[in-house]
Amino acid sequence: MPVKINENYLLLKSSYIFAEINQKVNKFQEENPDAPIIRMGIGDVTRPLPQAVIKEFHKAVDEMGQSETFMGYGPEQGYSFLIKDIIENDFRPRGIELSEDEVFVSDGAKCDTGNIQEIFGLDNVVAVTDPVYPVYVETNVMAGRTGPMGEDGRYEKLVYLPCTAENDFVPELPSEPVDLIYLCFPNNPTGTTLNKDQMATWVNYARKNKAIILFDAAYESYITEEDIPHSIYEIEGAKEVAIEFRSFSKNAGFTGTRCAYTVVPKELMGYDEEGNAQAINPLWNRRQTTKFNGVSYPIQKAAQAVYSDEGQKEIAESISYYMKNAAIIRESLIEIGLNVYGGINSPYIWVKTPEGMDSWGFFDLLLTEANVVGTPGVGFGPSGEGYFRITAFNTLENTKEAMDRISKLSI
Ligand SMILES: *Cc1c(COP(=O)(O)O)cnc(C)c1O
């Protein structure tokens, strides 16, 4: 018998949106070598790590070179010094109490949001917002929960929750029962948020239906408005039904350094075949201790420095730099009559494409006429068609220049 592959991988859509974008941009640049292209499609930070972080990072690297201070394997769940500071700074001030064994430090929210589905049964019905961060969908495809993709661009067994201008980007409760619900707010790609009441609707749904919410809060630090929860645990009862993912990537520039964490409360329950409640926390602990050997000591030291006074000051400066760009993008595009969403509590601006133009049509227009690259909304799901994502992760100069060029187009 020849070796068999996991055929679920064959169900994945072959063309990856960012590869497609690169291909188009490279071709355009080859044909127009002098075109001063500005890239506003990237979902990656551009400002360097805070000095406070670099200082601790260096110190910890030096410790690794001395026998008295050398560190080998650490706890798979993360060092207590970092977990204590996470609880102390990210949760206690918001009235959320967590114990240390409810926080799991990792090398990324991408891995955690991708791996978490492993501890849940294969016959669970999965719901995702549409448009969506592709990791949630594709890891469930790989696991075999979705079936094939239909003509409409939707996987047969997934439940899609459209988020469009028509519903103010607030997902409606599903009309069929679902078990696992991925929510990401502030949202990538739409840049929109849920207020406390809207989030409570989902928490109450999950409590009533014995479902679990997988809440991605990677953009929490970009929230500027009062009524927007930074953590799902600000909602009463959420600890019984939600796992929360956080990352140092977007707030502190750790995209290339890698550190994140996931909160799995002890109250959170799933059910076995007999209908008995089973705690989820020990399952994730078992998964991590078996498959993961922890984040390196210097990186956890570097992450801890994010919470120092100096670190907090520096990350606030970077975030306000990006958010100034976001405001410029918003205002420029509103000025020329486009419908613009997001960009207030998030570094992403979600633009409705002009009448009669689809996502890729708008992409081509901006590339060829303004030499500005963004991301076609349809790349994030069928309900992203007719939208376009522009990110604030750029220099102020490039942002202004890109908006000047777009403003001169007749749209
Ligand atoms: C960037 C991003 C993350 C962070 O991923 P890391 O692996 O921690 O860098 C998580 N979720 C979403 C939706 C993101 O856009």
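Could you check, for the range 149-165, whether at least one of its residues is surrounded by 15 or more Cβ atoms within 10 Å (Cβ to Cβ) and either among the acidic types (D, E) or within 16 Å of the ligand (Cβ to nearest atom) (or both)? Scanning the range 149-165, I find at least one residue that is surrounded by 15 or more Cβ atoms within 10 Å (Cβ to Cβ) and either among the acidic types (D, E) or within 16 Å of the ligand (Cβ to nearest atom) (or both), so the answer is yes.
Does any residue of the range 136-146 turn out to be assigned by TED's automatic domain parsing to the domain that holds E220 and under 19 Å from A302 (Cβ atoms)? Scanning the range 136-146 turns up no residue that is assigned by TED's automatic domain parsing to the domain that holds E220 and under 19 Å from A302 (Cβ atoms).
F91 passes every criterion in (1) surrounded by 14 or more Cβ atoms within 10 Å (Cβ to Cβ); (2) assigned by TED's automatic domain parsing to the domain that holds V351; (3) more than 16 Å from the ligand (Cβ to nearest atom) apart from (2).
Only residues that are of a type in the set (A, V, I, L, M, F, W, C), in contact (Cβ under 8 Å) with a residue 60 or more places away in the chain and assigned to a helix (DSSP H, G or I): list them for the range 305-341, please.
A305, V306, I315, I319, M323, A326, I328, I329, L333
The numbered conditions (1) within 21 Å of D179 (Cα to Cα); (2) among the aliphatic types (A, V, I, L, M); (3) within 16 Å of the ligand (Cβ to nearest atom) are all true for V306 except (1).
Residues of the range 274-297 that are within 15 Å of V263 (Cα to Cα) and part of a strand (DSSP E or B): A279 alone. Residue-level check: of (1) within 16 Å of the ligand (Cβ to nearest atom); (2) closer than 16 Å to G108 by Cα; (3) in contact with a Phe, Trp or Tyr (Cβ under 7 Å, 6 or more places away or on another chain), N293 misses just (1). When you scan the range 83-91, do you find a residue that is more than 30 Å from Y348 (Cβ to Cβ) and not acidic (D, E), even just one? Yes, that holds for at least one residue.
Within the range 107-123, the residues that satisfy the criterion of being closer than 13 Å to V264 by Cα and within 11 Å of the ligand (Cβ to nearest atom) are D112, T113.
Of all residues in the range 21-44, none satisfies being farther than 25 Å from F362 by Cα and either surrounded by fewer than 16 Cβ atoms within 10 Å (Cβ to Cβ) or basic (K, R) (or both).
The values are calculated or read from the model by the stated rules, or taken from the named source; none is laboratory data. It should be emphasised that the depicted structure is a prediction, and the values quoted were computed from it without experimental measurement. Ideal geometry is used to build each Cβ from the backbone, glycine not excepted, and the neighbour counts take in all protein chains shown.
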